[in-house]
Amino acid sequence: MKRSDSSPVIIALDGPAGAGKSTLAQQLARRLGYVHLNSGALYRAVALLGLRNRVSPEDGPRLAELARQARMEFTSTGRLLVNGEDVTEAIRAPQVDAVVSRVAVHPPVREAVTEHQRRIAGRGNVVVEGRDIGTVVFPEAQIKFYVDASVEERARRRYLQLRQEQGTVPPLEEIERQIRERDRADSTRETSPLRVADDAILVDTTGRTVEQVVEEMVQIVRKRLYAS
Ligand code: C5P
């Protein structure tokens with residue numbers, strides 16, 4: 001065992017929409033016995049609170065206030081509770097998809113969500129997935145992965161996932177258009193744009209199975225943190 005200090009381990013997993021981050025983060029966390037912290041789900045929760053309270057996606061200060069006041073917790077099975085309500089399904093609604101990037105653009109909203117992430121990560125070892133984890137939220141993360149795949153493959157995965165979850169799905173071309181638009185919004189915004197951290201390990205998931213990629217990540221983590 002190489003690790004001798006007792007500070008919690010943070011593994012950052014960043015990348016664009018549909019690259020496979022959630023599945024990978026979930027499985028990596030399970031293999032290592034870490035908590036899975038899905039930061040995109042927290043931004044989605046703020047977007048949902050905004051929709052329910054009729055707050056415009058452009059109103060950063062009011063959205064940040066909703067974010068700060070909310071209690072947000074992940075259960076051990078990865079469900080997201082907001083003020084005690086399980087919103088795991090509600091945050092995946094198309095209405096939330098449509099506004100979340102606009103909600104996530106506001107610096108005060110990002111500050112509030114970052115606070116929630118720091119609080120959750122303070123309790124133990126975590127795999128944190130998002131867009132700005134290795135660059136902004138946890139630059140001190142011991143290991144940083146940047147997961148990517150081609151736009152076409154990401155659109156295809158999203159399409160299959162939606163079809164399984166919701167039945168009625170927009171055409172594949174429309175999903176691809178939405179992904180390109182989300183990539184553009186996430187990587188060109190002024191605060192915390194999506195970018196590869198200098199010390200990140202690049203993982204391309206195009207044409208590879210989840211099992212292959214998770215195995216590669218587990219080996220890297222073991223070697224870096226626990227190899228003697
Ligand atoms: O990961 P997911 O696609 O669920 O994230 C939803 C949205 O939340 C992203 O498109 C992005 O706008 C925002 N997000 C962010 N920073 C993160 C995670 C997600 O801005 N760390």
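The table below gives the values:
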| item | result |
| --- | --- |
| First in segment 208-227 and loosely packed, with under 14 Cβ neighbours inside 10 Å, second anywhere and among the charged types (D, E, K, R), Cβ under 8 Å, 6 or more apart | Y226/K2; Y226/R3; A227/K2 |
| The lone exception for L13 - which of (1) open to solvent by 60 Å² or more (accessible area, probe 1.4 Å); (2) under 24 Å from I220 (Cα atoms) it fails | (1) |
| Considering residues of segment 110-121 that are aliphatic (A, V, I, L, M) and modelled with pLDDT of 95 or more only, the residue nearest to the ligand (Cβ to nearest atom) | V113 |
| Residue selected from segment 103-113 under the condition of a type outside the set (A, V, I, L, M) and crowded, with 18+ Cβ neighbours inside 10 Å, by the criterion farthest from K21 (Cα to Cα) | H106 |
| Checklist (1) modelled with pLDDT of 95 or more; (2) open to solvent by 20 Å² or more (accessible area, probe 1.4 Å); (3) under 24 Å from E152 (Cα atoms) applied to P193, failing item | (1) |
| In segment 23-55, the residues that are open to solvent by 50 Å² or more (accessible area, probe 1.4 Å) and among the hydroxyl-bearing types (S, T, Y) | T23 |
| Segment 145-154, residues that are within 13 Å of the ligand (Cβ to nearest atom) and either over 13 Å from the mean Cα position of the chain (by Cα) or in a helix (DSSP H, G or I) (or both) | R154 |
| Check on P139, more than 10 Å from the ligand (Cβ to nearest atom), farther than 16 Å from L194 by Cβ and surrounded by fewer than 23 Cβ atoms within 10 Å (Cβ to Cβ) | no |
| Any hit, segment 77-90, residues being within 9 Å of the ligand (Cβ to nearest atom) and in a helix (DSSP H, G or I) | no |
| Segment 28-62 - residue that is free of Cβ contacts under 8 Å to residues at least 60 places away in the same chain and not in a helix (DSSP H, G or I) and, of those, nearest to the chain's Cα centre (by Cα) | P57 |
| Qualifying positions in segment 68-98 - small (G, A, S) and open to solvent by 80 Å² or more (accessible area, probe 1.4 Å) | S76 |
| Tabulated pairs, segment 146-168, first modelled with pLDDT under 85 and of a type in the set (V, I, T), second assigned to a helix (DSSP H, G or I) and open to solvent by less than 70 Å² (accessible area, probe 1.4 Å), C-beta under 9 angstrom, 6+ apart or interchain | T168/L162 |
| Failed item, numbered, when I175 is tested on (1) surrounded by fewer than 14 Cβ atoms within 10 Å (Cβ to Cβ); (2) without any contact (Cβ under 8 Å) to a residue 24 or more places away in the chain | (1) |
| Residue identified as more than 8 Å from the ligand (Cβ to nearest atom) and either under 14 Å from the mean Cα position of the chain (by Cα) or open to solvent by 60 Å² or more (accessible area, probe 1.4 Å) (or both) among G130, G134, G124 | G134 |
| Close pairs from segment 98-109: first under 13 Å from S56 (Cβ atoms) and near the ligand (Cβ under 9 Å from one of its atoms), partner among the aromatic types (F, W, Y) and in a loop (DSSP other than H, G, I, E, B), Cβ under 9 Å, at least 6 apart | none |
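The values are calculated or read from the model by the stated rules, or taken from the named source; none is laboratory data. Remember, predicted model here, so these are calculated numbers, not experimental data. Every residue, glycine as well, gets a Cβ built from its backbone with ideal geometry; the counts of neighbours run over all protein chains shown. Quick note on the areas: whole protein, heavy atoms, side chains included, nothing else; ligands and nucleic acids left out. Shrake-Rupley method; radii C 1.70, N 1.55, O 1.52, S 1.80 Å.
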